[in-house]
Amino acid sequence: MRTKPCLTSADAHKMMAACKAEADKNNWKVSIAIVDDAGVLLLLERLDGAGATTPEVAHGKARTAALTKQPTKMWEERVKDRPVFLNYPAGLAIWGGAMALLVANGGWEGTLTQMAWFFTKAALLTFGGAYAVLPYVYQGAVDYYGWLTAPQMIDGLALGETTPGPLIMVVAFVGFVGGWTKALFGPEALFVAGATAATVVTFFTFLPSFIFILLGGPLVETTHGDLKFTAPLTGITAAVVGVIVNLAVFFAYHVLWPHGFGGRFEWTAVVLGVAAGLALFRFRAGIIPVIGACGAVGLVLRLAGVV
């Protein structure tokens, strides 16, 4: 059987010593990351005087080099003189063409058009991933447009958390329920309406991300260590933490008081939440068994009429 040589701990320490010697000789204030062939971090050290963001940058560059089998300097040289932003009109043309098609078929106030416009804004104007976006989606889809109800939205979030794939895919659920509820193509074609709305929502949610990543992503390589770029991102990261805390409060309110503070308090949700927390953190139970057990208990309680 053929074996593949791998980087040992001793090798990694020798490499780190050589890198530090070279950095000292050239007076480089940097962080140094050593990864294996799969990009797994083995050693990371921030030298005296190095910037606060350099450890993360060093790890990212090392991992990229290991996975692509190319030095990251190559990516900088490849995009340095390339007018990447001139390609953005192509992405805008795709977005504009799809939007024009929806307007032509249903008008600006049509449900599909409004879904496309709303989720374009959700994709462009929010930072921090799904946890930061979802409160905005809830306010628009439930409170403003009425595409689905609050309990349906919470069900969608639960479904997104317990199924494979990124949580942001819950937008497809929102689109499907909205299309079904609005009966876009009449009461005889509810499934077609839901599937169409889900497709529209997914397309307009992810199109901006693909444009930014495929066309502008390589330019990120040229911004490492530049405070004009890293400082704002640090501030945005701090703000996103607050947004995620807001989402936790949002979840708690709508799960524990589904009908508002004047309604019934859901003690069963509290008991299940505490039990799940103890199982995960105290007894180190696996996530999948805990989710399965909570789902089974919830089903039994529903069938018994308790909740």
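Only one residue in ASN87, ASN105 is modelled with pLDDT of 90 or more and assigned to a helix (DSSP H, G or I), so which one is that?
Working: ASN87 fails: modelled with pLDDT of 90 or more.
On inspection, the qualifying residue turns out to be ASN105.
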Condition check for PHE118: at pLDDT 85 or above, under 19 Å from the mean Cα position of the chain (by Cα) and not aliphatic (A, V, I, L, M): yes
Among the residues of the range 282-295, which ones are out of contact with any Leu (no Cβ under 9 Å at 6 or more places or on another chain) and closer than 13 Å to THR268 by Cα? GLY295
Filter result for the condition that a residue is in contact with a Pro (Cβ under 7 Å, 6 or more places away or on another chain) and surrounded by 12 or more Cβ atoms within 10 Å (Cβ to Cβ), over ALA58, ALA50, ALA65, ALA23: ALA65
Just the residues that are within 19 Å of the chain's Cα centre (by Cα) and touching a residue at least 40 places away in the same chain (Cβ under 8 Å), please, taken from the range 134-151. LEU134, PRO135, TYR138
Return the residues of the range 1-16 that are at pLDDT 85 or above and surrounded by fewer than 11 Cβ atoms within 10 Å (Cβ to Cβ); say none if nothing qualifies. SER9, ALA10
Condition first: within 28 Å of the chain's Cα centre (by Cα) and either among the β-branched types (Val, Ile, Thr) or assigned by TED's automatic domain parsing to the domain that holds LEU159 (or both). Now tell me which residues in the range 288-307 satisfy that. ILE288, VAL290, ILE291
Just one listed residue, out of ALA189, ALA195, ALA141, is crowded, with 17+ Cβ neighbours inside 10 Å and assigned to a helix (DSSP H, G or I), and it is ALA141
Find all pairs meeting these conditions: Cβ atoms under 9 angstrom apart; at least six residues apart or on different chains; first residue within the range 152-181 and hydroxyl-bearing (Ser, Thr, Tyr); second residue assigned to a loop (DSSP other than H, G, I, E, B) and at pLDDT 85 or above. THR181/GLY146; THR181/TRP147; THR181/LEU148; THR181/THR149
For the range 259-278 the number of residues that are touching a Gly at 6+ places or on another chain (Cβ under 9 Å) and either farther than 18 Å from VAL300 by Cα or assigned by TED's automatic domain parsing to the domain that holds ALA150 (or both) is 0
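The values are calculated or read from the model by the stated rules, or taken from the named source; none is laboratory data. Just so it is clear, the model here is predicted, and its values are computed rather than measured. Because the Cβ atoms are built from the backbone with ideal geometry, glycine has one as well, and the counts that use them run over all protein chains shown.
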